[in-house]
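Asker: Got a structure for you, written out below as structure tokens; questions coming shortly.
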Amino acid sequence: MICGLCPHHCDIPEGRTGFCRARENRDGKIVCGNYGRLTSLSLDPIEKKPLYRFYPGSMILSAGSYGCNLACPFCQNCEISMADRNADTVYFSPEMLVERAKRAVPEGNIGLAFTYNEPLIWYEYVRDCAKLLRENGLKTVLVTNGMICLEPLLELLPLIDAMNIDLKGFSQKFYDLVKGDFETVKQTIALSAQQCHVEVTTLVIPGLNDDPKEIEDEAKWLASVNPEIPLHLSRFFPRYKMNDHRSTPIETIYDLRNIAAKYLKYVFFGNC
């Protein structure tokens, strides 16, 4: 049975999961195996997503599950993104989670962010929650790698208020490293920016995606979509399978920020 959610198009045998370790073949049908299974739930500042130009100063209830449809050797949340259906989880129906979000409104909560692991592999759960959130006047946010096929993206977008999309690098060569598809992510950014608030994050890794020309090309392309898309340039710190790799020098982030700012109105840097 073929899963049509993302470019991997996994052919999943009965009772097994695909590349993401979350979508599974159950009785001849591809289902969201992690539906409602939360590994993480926290009330965070919106800036932590990071979203700097979407209701700044507000809070947002943030939920995560397990699994991911990329395989980044530098993953910053590998404990849950690389986990499978044996992960320690707590079940929340969409109604339960939206009710929790509503209870947090007096604390400044504006809605629900699907984050920590890749939310798009949680597609059906995100969709069901987003419908309820909209009915209750709350916002839906995705923090995502953008690896989703066109048809499911277009179905979901009308329900989404904001996204922070990881642009891992600006070449297919870099996406080969993380087992992804560069053009699919670009498509997600371009289409999403037409329908909701979008900010983009690039984790800058020394020797891998820190070439000034690559960052310049990325900034030029984002500006061609919309020069007001905020770009976040983040420092890499040793993690997961890259514990022996050096951290990103602060000077590198400053230099790349100056390059990107020639084309984009808003360029931010994190972990500096």
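The values are calculated or read from the model by the stated rules, or taken from the named source; none is laboratory data. Small disclaimer: the values here were computed from a predicted structure and weren't measured. Virtual Cβ from ideal backbone geometry, glycine too; neighbours counted across all protein chains shown. For accessibility, only protein heavy atoms count, side chains too; no ligands or nucleic acids. Shrake-Rupley method; radii C 1.70, N 1.55, O 1.52, S 1.80 Å.
Asker: Spelling out what I want: for every residue of the stretch 158-165, take phi, set θ = phi - 60°, compute 6.51 cos²θ - 1.76 cosθ + 1.60 (Karplus), and round to whole Hz; glycine and proline get x.
Answerer: Karplus-based 3J(HN,Hα) across the stretch 158-165 equals x, 9, 9, 9, 7, 9, 10, 10 Hz.
Asker: Find out how many positive minus negative residues lie around Glu199, taking Lys and Arg as positive, Asp and Glu as negative, among other residues whose Cβ is under 9 Å from that of Glu199.
Answerer: +2
Asker: Also, I was wondering about something else. Roughly what angle does helix 250-260 make with the longest principal axis of the chain, taking Cα atoms, 0 to 90 degrees, to the nearest 10?
Answerer: Taking Cα atoms only, the helix is inclined about 90 degrees.
Asker: Run lengths n ≥ 4 of DSSP H only: what is the helix-derived mean residue ellipticity at 222 nm for the chain, with -39500 (n - 2.57) per run over all residues, to the nearest 500? Don't skip to the end; give the middle numbers.
Answerer: Details: 8 runs with 76 residues, N = 272.
Dividing the helical sum by the residues of the chain leaves -8000 deg cm²/dmol.
Asker: If you don't mind, another one. Given a 1.4 Å probe and every protein chain left where it sits, what share in percent of the accessible area of the chain is carbon and sulfur?
Answerer: Roughly 50 percent, rounded to a whole number.
Asker: For the stretch 167-272, list log₁₀ I(q)/I(0) at each q in 0.15, 0.17, 0.21, 0.23 Å⁻¹, using the Debye formula over Cα point scatterers of equal strength and ignoring solvent, two decimals each.
Answerer: Taken in order of the listed q values, log10 I(q)/I(0) reads -0.60, -0.77, -1.15, -1.33.
Asker: Considering only the other residues whose Cβ falls under 13 Å of the Cβ of His245, what net charge follows from Lys and Arg at +1 and Asp and Glu at -1?
Answerer: +2
Asker: Provide the descending list of Cα extents for the stretch 138-177 along its principal axes, expressed in whole angstroms.
Answerer: 38, 20, 11
Asker: What does the charge add up to near Val31, with Lys and Arg as +1, Asp and Glu as -1, over the other residues with Cβ less than 9 Å from its Cβ?
Answerer: 0
Asker: If you count, for each residue, the other Cβ atoms within 10 Å and average over each peptide, how do 76-84, 248-256 line up from highest to lowest?
Answerer: Peptide ranking by packing, descending: 76-84, 248-256.
Asker: Something else about it: Tell me, what HN-Hα J-couplings in whole Hz come from the Karplus equation 6.51 cos²θ - 1.76 cosθ + 1.60 at θ = phi - 60° for each residue of the stretch 222-238, using x for Gly and Pro?
Answerer: 4, 5, 5, 7, 5, x, 9, 5, x, 10, 9, 9, 10, 7, 7, 10, x
Asker: Probe of 1.4 angstrom, ligands and nucleic acids ignored: what's the accessible area per residue over the stretch 106-242, in square angstrom?
Answerer: Counting only protein heavy atoms, the per-residue value for the stretch 106-242 is 35 Å².
Asker: Further question: Mind listing the long-range amide H neighbours of Arg23? Cut-off is under 5 Å, sequence gap 5 or more, other chains count too, H placed in the peptide plane at 1.01 Å from N.
Answerer: Sorted by chain and number, the residues that satisfy this are Gly18, Gly33.
Asker: How would you rank 154-161, 11-18, 109-116, 240-247, highest first, on the average number of other Cβ atoms within 10 Å across their residues?
Answerer: Numbers: 154-161: 16.0, 11-18: 14.5, 109-116: 24.5, 240-247: 13.0.
Going by the mean number of other Cβ atoms within 10 Å, highest first, we get 109-116, 154-161, 11-18, 240-247.
Asker: Please report the relative contact order for the chain, taking Cα pairs under 8 Å with a sequence separation of at least 6, and give it as a percent rounded to a whole number.
Answerer: Relative contact order for the chain comes out at 15 percent.
Asker: Using Cα-Cα distances under 8 Å and only pairs 6 or more residues apart, what relative contact order does the stretch 120-257 have, in percent?
Answerer: Computed value for the stretch 120-257: 20 percent relative contact order.
Asker: Take every DSSP beta bridge with both residues inside the stretch 1-149 and express the antiparallel ones as a percent of the total, to the nearest 5.
Answerer: Roughly 60 percent of the beta bridges in the stretch 1-149 run antiparallel, per DSSP.
Asker: Antiparallel versus total DSSP beta bridges in the chain: what percent is that, nearest 5? Present the calculation step by step, with values, prior to reporting the outcome.
Answerer: On the way: 14 of 41 bridges.
The antiparallel fraction comes to roughly 35 percent.
Asker: Ok, one more. For the chain, report the % of Cα-Cα distances exceeding 30 Å.
Answerer: Cα-Cα pairs of the chain separated by over 30 Å account for 26 percent.
Asker: Return the single residue from Ala104, Ala130, Ala260 with maximal mean-square fluctuation; model: Gaussian network over the chain, springs between Cα atoms under 10 Å.
Answerer: Ala104
Asker: For the stretch 155-218, what is the convex hull volume of the alpha-carbon atoms per residue, in Å³?
Answerer: Numbers: hull volume 5.5 nm³, N = 64.
Enclosed volume per residue, from the Cα hull, is 86 Å³.
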